[in-house]
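*Asks:* The structure follows.
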Amino acid sequence: MTKVAVIIPTLNAGHLADQMVHMLKKQKIQPSDILVIDSGSTDNTAHVFREFGARVFGLPGQKFNHGGTRKYAASLCGECDILVFMTQDAIPASGDSIARLCTMFDDPNIGMAYGRQLPRDAAGFIERHARLRNYPAASEIRTIDDRGLYGVKVTFCSNSFCAYRTSAYESVGGFPEDSYFGEDQVIAGRMLLAGYKIKYDADAAVVHSHGYSIIEDFRRYFDVGVFHARNTWLLEEFGSAEGEGFKFLKSEMHYLSTQQPSLIFSALARSVLKLIGYRMGRLERRLPKQLKAILGMQKFYWK
């Protein structure tokens, strides 16, 4: 019988912890193991998950690292065949979300699979477009042969709701220990180069989106730039990222023109700031650490 582990990093999840537990209870397949890595929550997050039956491991907040923390969590689930990573704010959209994602591994060539992310009810039009663009209604399978079509976007995935075949995950070395950002994309790139396939399953869904301000968008793209500056092999192996940015902008302009034309100027301003943030991130080695802590979203990393 296939054993599935669900791994969730947490920090002061608040009411989301109750929502997550409620939907985990409704899943058609119950994971063999639910592991929560908590970075020093001061609310009842750890208690809610312990009451549910999850294993909860405490981790001082200053020790959190996107890759290293998840790699540590994976090492605690050695008996499981599939590792499902989620974030505390990615709530399963239905009772078969996890089951759908795990059935993707019936194909032995699939190394990892990620699900669709639906916008939250309160999402605005810019936020909704981002989810519709990055997580469309049609499923797909990507291989190394698709890099000419997608460029580095062929490695796109998200640990907010992503499953890994444990044997494939281990064969490519697991998550990088010192990972500033994009640990999931590193694994995706390694898996494609190793001959594995990546599956995007639009029928396995969670509700997860962010209403970033224009400044938060700048900071997030600064982080993306830092990530690419530190992982140049991804761009060398799969191609440039900026072409995808222009495709995204074109799609966004069309969407807003039909849904909310008054937001077009705001979206254009965001795009300019995102590009500036990305380019500054690519130059991060020339910037002092104190400035990077101000510019980026991953402020804990620079401490």
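*Asks:* Taking region 214-302, how much of its Cα-Cα pair set, in percent, is spaced more than 20 angstrom apart?
*Replies:* 41 percent
*Asks:* Using θ = phi - 60° and the Karplus relation 6.51 cos²θ - 1.76 cosθ + 1.60, list the HN-Hα couplings for region 142-155 in order, rounded to whole Hz, with x at every Gly or Pro.
*Replies:* My calculation for region 142-155 gives 10, 10, 4, 5, 8, 5, x, 8, 9, x, 5, 5, 4, 8 Hz in order.
*Asks:* Work out the length of the dipole vector of the chain about its Cα centre, built from +1 on the beta-carbon of each Lys and Arg and -1 on the beta-carbon of each Asp and Glu, and round it to the nearest 20 debye.
*Replies:* In total the dipole reaches around 760 debye.
*Asks:* Using the crude model of +1 on Lys and Arg Cβ and -1 on Asp and Glu Cβ, and no other charge, please compute the dipole size for region 214-302 relative to its Cα centre, in debye to 20.
*Replies:* The calculation lands at about 380 debye.
*Asks:* Quick check: net charge around TYR72, other residues with Cβ under 10 Å of its Cβ, Lys/Arg +1 and Asp/Glu -1?
*Replies:* +2
*Asks:* Reported to two decimal places, what Rg/Rh ratio describes the chain when computed on Cα atoms with Rh from the Kirkwood expression?
*Replies:* 0.94
*Asks:* Hey, what number do you get for the chain at 222 nm if only DSSP H runs of n ≥ 4 count, each worth -39500 (n - 2.57), divided across all residues, to the nearest 500?
*Replies:* -13500 deg cm²/dmol
*Asks:* Across 5 Å bins from 0, what is the distribution of all Cα-Cα pair distances for region 1-127, in whole percents?
*Replies:* 2, 10, 20, 23, 21, 15, 7, 3, 0
*Asks:* Report, by chain and number, residues whose modeled amide H sits under 5 Å from the one on ASP43, excluding near sequence neighbours (fewer than 5 apart, same chain).
*Replies:* ASN12
*Asks:* Here's something else I'd like to know. Once you keep just the Cα pairs under 8 angstrom separated by 6 or more residues, what percentage relative contact order results for region 4-207?
*Replies:* 28 percent
*Asks:* Among LEU268, VAL207, TYR221, whose Cα sits farthest toward the positive end of the charge dipole of region 161-294 (+1 at Cβ of Lys/Arg, -1 at Cβ of Asp/Glu, about the Cα centre)?
*Replies:* Highest projection toward the positive end goes to LEU268.
*Asks:* Which whole-number value in Å³ per residue fits the convex hull of the alpha carbons of region 83-195?
*Replies:* 126 Å³
*Asks:* Under the rule of at least 5 residues apart or a separate chain, name every residue whose amide H is placed under 5 Å from the amide H of VAL56.
*Replies:* So VAL56 has HN proximity to VAL36.
*Asks:* Working out 0.36 nm times the residue gap between SER213 and LYS26, then minus their Cα-Cα distance, what length gain in nm do you get to one decimal?
*Replies:* Here the segment from SER213 to LYS26 would lengthen by 64.0 nm.
*Asks:* May I pose another question? Pairing the Cα long axis of helix 264-282 with the longest principal axis of the chain, what angle in degrees results, from 0 to 90 and rounded to the nearest 10?
*Replies:* Roughly 80 degrees between the two axes.
*Asks:* Quick check for region 4-207: number of Lys pairs with alpha-carbon distance under 23 Å, counting only pairs 8 or more apart or on different chains?
*Replies:* Within region 4-207, the lysine pair count is 6.
*Asks:* Also, I was wondering about something else. Please list, in chain and number order, the residues 5+ apart from LEU118 or on another chain whose amide H is under 5 Å from its amide H, with Hs placed from the backbone.
*Replies:* VAL206, VAL207, HIS208
*Asks:* Report, in whole Å, the centroid distance computed from the Cα atoms of region 232-289 and region 33-68.
*Replies:* Spelled out, the Cα-based centre of one part sits 33 Å from the other.
*Asks:* Turning to a different aspect of this structure: Counting Lys and Arg as +1 and Asp and Glu as -1, what is the net charge of the other residues whose Cβ lies under 11 Å from the Cβ of LEU35?
*Replies:* Net charge in that neighbourhood comes out at 0.
Every number in this text was worked out from the coordinates using simple rules, so none of it is lab data. What you see is a predicted model, and the numbers here were worked out from it, not measured in a lab. Every residue, glycine as well, gets a Cβ built from its backbone with ideal geometry; the counts of neighbours run over all protein chains shown.
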